[in-house]
Amino acid sequence: MTITATSTSMPALIRAIAALGAAWNVFGVIQFWGQLSTTPAMLVAKGMTAAQATLYASLPGWMTIVFAIGVFGGLVGSVLLLIGQRAATTLLGMSLVGYIALYIGDIFEGVFAAFGTGQVVVLTIVVAIAAALLLLSLHADRRGWLR
């Protein structure tokens with residue numbers, strides 16, 4: 001039996017990037033779950049100062065919600081992109097919005113000021129990856145690779 005590619009089959013490179021996106025977001029989900037159960041004492045034990053730990057533990061609940069939207073939207077969206085589903089674009093868009101909201105929250109809640117450039121760089125990379133996955137999904141949809 002021979003399987004031939006059609007003009008609407010998604011290239012392997014796109015699928016590979018989607019798989020990497022899913023793996024990246026699994027890491028994000030692990031970080032998210034870890035954040036839910038931490039206490040200031042645990043954060044200090046992991047190397048934060050007492051002031052950083054107190055700030056981190058007292059962030060408003062909406063920041064936890066947008067973090068969840070970012071990681072779970074990114075994970076499900078990446079999996080949907082991997083299997084060629086058009087709904088990937090919506091979920092990856094929601095993920096990007098979640099991460100942008102988290103970035104804004106980090107600015108206004110003083111997280112960037114308390115943690116320094118490293119935190120800015122990490123979250124900037126997260127937002128950039130979310131944007132790239134969304135753009136990839138939009139490209140795949142325009143090419144007719146999503147159904």
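The values are calculated or read from the model by the stated rules, or taken from the named source; none is laboratory data. Everything numeric here is computed off the predicted structure, so don't read it as measured data. These area figures cover heavy atoms from the full protein model, side chains too; ligands, DNA and RNA do not enter into them. Shrake-Rupley method; radii C 1.70, N 1.55, O 1.52, S 1.80 Å.
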Tilt relative to the chain, helix 12-36 - C-alpha long axis, 0 to 90 degrees, to 10: 20
Rounded Å value of the spacing that divides the Cα centres of the stretch 87-127 and the stretch 62-77: 11
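222 nm [θ] for the chain, helices only, -39500 (n - 2.57) per DSSP H run of 4+, per residue, to 500? Can you show the working numbers first?
Details: 7 runs with 114 residues, N = 147.
Using -39500 (n - 2.57) per qualifying helix, the result is -26000 deg cm²/dmol.
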The stretch 79-138 - percent of accessible surface contributed by carbon and sulfur, probe 1.4 Å: 79
Accessible area in square angstrom per residue, the stretch 70-136, 1.4 angstrom probe: 44
